[in-house]
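Structure, as structure tokens:
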Amino acid sequence: MFDSLDPEKEKRNRHILEVQNKALLGEDIANEIFCKFTYDIEKQDIFALHVTLEREYVENEIIEDSGTYGGIHFVPIDNIDLCANKGNTYYGNKIALLKPISDEVYYEYMEDTFVGNKVYITKVMYLSSVETWKYLSQLTVSLREHKEKLCQYLKGLENLLPEEDYTSSIKFIEEL
């Protein structure tokens, strides 16, 4: 399968085996709440750097990866700060809360970062809404731990999307 003389191919082969060893059935992680940042499809030109969103995330529906970027990437809600690891890239002005599907296979391809082809969307909320942050603060205490990073992300969104007001959300998070 891989040419053993090529060090790059050997490295890739080792990585593939490591990822395969981290395969989980959805039922193995069914008790966790997961999340990912997303956006309105009409804002695709702002947010879609690596993928093209075929359809928006909709509450109470299953979404399936239709691209070639390797699946739907998501993190546990307690690691919401990983969604804000932007490195000059903004991944959305909404958050989708996700549940794994019991018979689907998922991979933990990096620590606390999962990928799979299908997930169930339980809730979709705008990051500009204080109600979003109130709801999220009931699900996880990690907002308090990562409030500086999350506020910085929201301030960046405010500059990127001046028509959206993040002031109240930022204030709420800062006061946690």
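Taking the Cα centre of the chain as origin, sum charge times position over the Cβ atoms of Lys and Arg (+1) and Asp and Glu (-1), and report the length of that vector in debye to the nearest 20.
280 debye
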So for the chain, averaging the separation of alpha carbon pairs under 8 Å that are six or more residues apart and normalising by length, what relative contact order in percent results? 24 percent
Additional length obtainable on full extension of the chain from A23 to D40, 0.36 nm per residue less Cα span: 3.0 nm
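What is the gain in length, in nm to one decimal, between D165 and E148 on full extension, counting 0.36 nm per residue of separation less the C-alpha to C-alpha distance?
Result: 4.3 nm gained on full extension.
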Trypsin sites (Lys or Arg not before Pro), restricted to the stretch 55-135: which are DSSP loop and have at most 15 other Cβ atoms within 10 Å? R55, K86
Please order H15, H146 by the number of other Cβ within 10 Å, starting at the fewest. H15, H146
Just flag the chymotrypsin sites (Phe, Trp or Tyr not before Pro) in the stretch 53-136 sitting in loop per DSSP whose Cβ has no more than 14 other Cβ atoms within 10 Å. Y69
For A48 and H15, FRET efficiency with R0 = 35 Å and r from the beta-carbon atoms, rounded to 0.05? 0.85
Normalised by the residues of the stretch 83-176, what does the relative contact order come to in percent, with Cα pairs under 8 Å and at least six apart? 27 percent
Among the listed pairs K22/K99; K36/K155; K134/K171; K99/K147; K36/K99; K36/K149, those beyond 20 Å (Cα-Cα): K99/K147
Please report C151, C83 as a ranked list, fewest other C-beta atoms within 10 angstrom at the top and most at the bottom. C151, C83
Calculate the length of the line joining the C-alpha centroid of the stretch 24-81 to that of the stretch 97-176, in whole Å. 12 Å
Is the shape of the stretch 14-63 best called rounded, prolate or oblate, per the rule: a/c under 1.5 gives rounded, else a/b larger than b/c gives prolate, else oblate, with a ≥ b ≥ c the square roots of the Cα gyration tensor eigenvalues? oblate
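Coordinate-derived values only; no laboratory data. Just so it is clear, the structure is predicted and the values come from calculations on it, not from any experiment. Here the Cβ is made from the backbone with ideal geometry for all residues, glycine too, and neighbour counts use every protein chain on show.
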